[in-house]
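Here is the structure we will look at.
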């Protein structure tokens with residue numbers, strides 16, 4: 001995922017699928033950059049508010065139905081650790097161990113069931129199949145760009161959903177509430193919940209704060225007016241400026257005052273705006289693609 005810090009700032013990559021799993025298990029995903037100040041507003045999700053007097057049983061009873069580890073975790077583990085995961089791991093050159101994957105995925109699921117039992121999250125059984133299919137779909141693609149990743153991840157955000165609203169203090173992403181269409185996480189630097197969502201043409205957009213709104217593919221966030229809004233991106237070859245290169249759209253930038261494809265992942269750079277990913281790190285452009293697995297999922301983080 002990428003974050004834009006102001007009109008002339010840089011976009012940073014944030015929490016692809018495997019990082020979400022790694023954070024849940026307490027594993028640091030190799031090569032992944034966790035955004036220190038963001039992640040994606042939408043309507044109220046209807047999640048249960050937890051008051052100090054609520055017991056875990058009372059809170060859980062409000063969450064439709066309690067998840068059972070046998071059914072819920074089995075379905076998610078099957079989705080996370082099937083043939084698609086093995087193929088993706090091997091494609092990316094990461095060692096595959098079915099047992100390690102299943103152990104890691106089970107721990108991921110169990111952590112969320114514990115949160116529901118303790119009243120820190122809610123559970124919606126009607127989202128189980130949708131979430132499992134979304135996991136399989138994401139892993140089958142193996143690598144994804146930012147917008148499709150957020151939209152696919154938002155489906156699973158409604159299966160186990162935290163009770164703390166964006167901006168609330170948090171210790172774990174499991175606690176953070178994702179409104180419908182959003183993903184949520186706990187910013188480990190600020191210790192605050194943040195959400196990210198993808199919004200359509202004309203919608204308000206922003207890259208800072210607790211509720212981040214990114215434009216749909218084909219649009220960019222126009223920050224020049226009194227109110228920000230998603231506008232149609234400029235066509236390749238259209239006139240642009242280095243101060244507003246994001247107007248060229250995702251995976252493009254402003255080259256010699258015209259919209260064009262920027263430098264690819266791994267190419268040398270001096271400024272983030274030179275890169276298609278809008279992120280130059282240590283003199284090298286990041287890729288616009290996010291791997292959907294890493295060793296925390298491929299083998300449990302053991303090799």
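With the simple spin-label model, which puts each label point 7 Å out from Cα in the Cβ direction, the residue 208 to residue 129 separation comes to 4.5 nm.
Spin-label model, residue 226/residue 110: points 7 Å from Cα along the beta carbon direction are separated by 5.7 nm.
Relative to the globular-protein estimate of 2.2 N^0.38 Å, the Cα radius of gyration of segment 228-280 stands at 1.05. Distances between every pair of Cα atoms in segment 150-218, grouped in 5 Å steps from 0 to the bin holding the largest one, split as 4, 21, 26, 25, 15, 7, 2, 0 percent.
Seen from every direction in turn and averaged, the convex hull around the alpha carbons of segment 66-218 projects onto 9.7 nm².
Once the chain from residue 75 to residue 216 is taken as fully extended at 0.36 nm per residue, the excess over their C-alpha distance is 47.7 nm.
Take every Cα pair under 8 Å whose residues are at least 6 apart in sequence, average their separation, divide by the length of segment 210-264, and the relative contact order is 27 percent. Taking a temperature of 25 °C and a viscosity of 0.890 mPa s, what whole-number D in µm²/s does Stokes-Einstein yield for segment 172-303 with Rh from Kirkwood over alpha carbon pairs? This corresponds to a translational diffusion coefficient of 148 µm²/s. Computing Rg and the Kirkwood Rh from the Cα coordinates of segment 80-119 gives a ratio, Rg/Rh, of 1.16.
Which part of segment 248-278 falls in the paramagnetic zone of residue 235, meaning amide N under 20 Å from the point 7 Å along Cα-to-beta-carbon? Residues 248-262 fall inside that zone.
Placing R0 at 41 angstrom, the Cβ-Cβ distance between residue 90 and residue 118 gives a FRET efficiency of 0.60 after rounding to 0.05. Annotation for residue 169 and residue 189: the two label points, set 7 Å from Cα along the Cα-Cβ direction, are 2.1 nm apart. Where the centroid of each part is defined by its Cα atoms, how far is segment 204-266 from segment 138-154 in Å? One Cα centre to the other: 20 Å.
Extension gain for residue 303-residue 271 works out to 8.1 nm (0.36 nm per residue, less the C-alpha to C-alpha distance). Compactness check for segment 247-303: Cα Rg over 2.2 N^0.38 Å is 1.41.
Computed from the coordinates by the stated procedures, all read-outs in this text should not be read as laboratory data. The structure displayed is predicted, hence computed values, not measured ones. Cβ coordinates were reconstructed from backbone atoms using ideal geometry, including for glycine residues, and neighbour counts include every protein chain displayed.
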